[in-house]
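Okay, so here's the structure we're looking at.
The values are calculated or read from the model by the stated rules, or taken from the named source; none is laboratory data. Given the structure is predicted, the values throughout are model-derived calculations rather than measurements. With ideal geometry, Cβ positions are generated from the backbone for all residues, glycine too; neighbour counts draw on all protein chains shown. Each accessible area value is taken on the protein alone, full model and side chains, heavy atoms only, with ligands, DNA and RNA left out. Shrake-Rupley method; radii C 1.70, N 1.55, O 1.52, S 1.80 Å.
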Amino acid sequence: MSLTNQPPAQTATTANANAQWGGRFAGGPSDIMQAINASISFDKALWKQDIAGSLAHAAMLAHVGIISKDDEAAIRAGLNEIGSEIAAGSFTFSEALEDIHMNIEARLSERVGEAGKRLHTARSRNDQVATDFRLWVRDAIDGLDQQVASLMRALALRAREHAADPMPGFTHLQTAQPVTFGHHLMAYVEMLARDRGRLADTRRRLNECPLGSAALAGTSFPIDRKMTAELLHFERPTANSLDAVSDRDFALEYLSALSILAMHLSRMAEEIVIWCSSPFSFIRLSDAFTTGSSIMPQKRNPDAAELVRAKTGRINGSLIGLLTVMKGLPLAYAKDMQEDKEPVFAATDAAALCLAACDGMVRDMTANTQQMRALAGSGYSTATDIADWLVRVLKVPFRTAHHVTGRLVARAEAQNIGLAELTLAEMQAEEPGITQDIYSVLSVDASIASRTSEGGTAATNVQAQATRWLEALTSSQHTTAEG
């Protein structure tokens, strides 16, 4: 909304001031101040985490005798009722109360009276939001981890299905050497495994509880921070109150991990776009993941893949945005940090949607194995096999073998024929020691079968790797379910 033609801002009356902090102020904020200051429009997404944190805080306060058991019981009942209201959509969120924390606290006081007003003892919104946000990111990581694992399973299943089906391997998007389609798909399994590792590392580092750090200096009340950390399933309390309320490393690290994940998904999406194009025709996507053209009835556009590719920009932008917010902030908390949640929420939504789309496309696509095989031998893709044969059989130095092979390629190219179509005499003109046996390495299948080194494209390797990953993913799925 443009402010250039708006009427002068009016100062709100005292009655409109935030009752949760308004004792210091004779009047309330202007409409513009209220609009820029309020975060309830987006941070209401933290309601489950806020209630969980408050329940743990109240239990701890009662345990150490700061509030009575009766007050804790009233708070617990009131918070559970508020949770039911929010879940049912009957809770009224107030912009005047600024954020989710004050909205819930105000409603709690309405419900349970004085007991609700005791809840905020020994805490601040600063440690409260830091705790809520860590809980939210932790939950988001757990959800995305399962999505990444599902995509890895989909890729490994397709890889096992196509473990022996040749396709051209590329460097510089030029035909390089034959590989198998299964080997190519397994490359993404490895990428995604690293993405899971980064998310797990992020989760491990963020799993410290800021609650009890209060505004910035800790509290004079005899609280038990270890208890609240345990109740909220954190590994330990944070060690420094200043750092605890001002740290958003966990959000930045999370966005960094999502940005790398999104880059991997974008590369996969780009290849799907290429593979679907008519000149390649390596795969076909069904109507479920394609759209048509408003003017060209023959078109089948891989829009799902294109949008996965595009959403990478949104996720990267979230990371850069939060880095920019945090780069100049002195310790401890500053209101700038209110801008931390929207990019994290947006990036999470985008990543979840991209993972779902990629998972769906991998399971949906039909491979045109005949087309891939036909192109696997194009561009003299078995030339390296000639060089390897010269080194292995004739003991020619590799650099010499490389030059001999280059001359053979030039001969074949001049005649517009394949390497296997060169006569033995033509080959011996470049290297007299070449024998008929060299033709045994010139086929696509022979080239692929020979790549048995660890991590190579031989079908037996791909089958073993796909099976290993499927077993590992099944095992981790059972462990997660049991945990």
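Here are some notes:
- Filtered residue count, region 336-372, keeping only those that are among the aromatic types (Phe, Trp, Tyr) and in contact with a strand residue (DSSP E or B) (Cβ under 7 Å, 6 or more places away or on another chain): 0
- Pairs where the first residue, in region 172-191, is farther than 20 Å from Ala383 by Cα and the second is at pLDDT below 90 and open to solvent by less than 30 Å² (accessible area, probe 1.4 Å), C-beta under 8 Å, 6+ apart: none
- Filter result for Val444 (crowded, with 16+ Cβ neighbours inside 10 Å, of a type in the set (Val, Ile, Thr) and in contact (Cβ under 8 Å) with a residue 40 or more places away in the chain): yes
- Within region 232-282, if we keep just the residues that are under 14 Å from the mean Cα position of the chain (by Cα), of a type in the set (Ser, Thr, Tyr) and open to solvent by less than 30 Å² (accessible area, probe 1.4 Å), the residue that is nearest to Asn316 (Cα to Cα) turns out to be Ser259.
- Failed item in (1) within 30 Å of Leu157 (Cα to Cα); (2) open to solvent by 30 Å² or more (accessible area, probe 1.4 Å); (3) assigned to a loop (DSSP other than H, G, I, E, B), with Glu471 passing the rest: (3)
- Selection count, region 344-403, where residues are on the phi > 0 side of the Ramachandran plot and part of a helix (DSSP H, G or I): 2
- Only residues that are open to solvent by 50 Å² or more (accessible area, probe 1.4 Å) and of a type in the set (Gly, Ala, Ser) were counted across region 380-427, and they come to 4.
- Residue within region 352-375 that is buried (at least 20 other Cβ atoms within 10 Å of the Cβ), hydroxyl-bearing (Ser, Thr, Tyr) and either modelled with pLDDT of 95 or more or in contact with a Lys or Arg (Cβ under 7 Å, 6 or more places away or on another chain) (or both) present: no
- Unique residue being outside any helix (DSSP H, G or I) and touching a residue at least 24 places away in the same chain (Cβ under 8 Å) when the list is Ile82, Ile51, Ile67, Ile75: Ile67
- Only one of the numbered conditions (1) among the hydrophobic types (A, V, I, L, M, F, W, C); (2) surrounded by fewer than 22 Cβ atoms within 10 Å (Cβ to Cβ); (3) out of contact with any His (no Cβ under 8 Å at 6 or more places or on another chain); (4) farther than 30 Å from Gly455 by Cβ is not met by Cys209, and that is (2).
- Candidates Arg153, Arg111 - the one that is charged (D, E, K, R) and open to solvent by less than 50 Å² (accessible area, probe 1.4 Å): Arg153
- Residue among Arg158, Arg196 that is in contact with a strand residue (DSSP E or B) (Cβ under 9 Å, 6 or more places away or on another chain), surrounded by 17 or more Cβ atoms within 10 Å (Cβ to Cβ) and among the charged types (D, E, K, R): Arg158
- Condition check for Glu105: under 22 Å from Ser39 (Cβ atoms), open to solvent by less than 20 Å² (accessible area, probe 1.4 Å), touching a residue at least 60 places away in the same chain (Cβ under 8 Å) and assigned by the TED database to the domain that holds Ala38: no
- Residue in region 33-49 that is open to solvent by 80 Å² or more (accessible area, probe 1.4 Å) and modelled with pLDDT of 95 or more present: yes
- If the condition is being assigned to a helix (DSSP H, G or I) and buried (at least 19 other Cβ atoms within 10 Å of the Cβ), then region 327-339 contributes Met337, Gln338.
- Pairs, first under 9 Å from Val245 (Cα atoms) in region 120-138, second basic (Lys, Arg) and part of a helix (DSSP H, G or I), C-beta under 7 Å, six or more apart: none
- Taken over region 440-468, the residue count meeting the criterion of being of a type outside the set (Val, Ile, Thr) and part of a helix (DSSP H, G or I) is 13.
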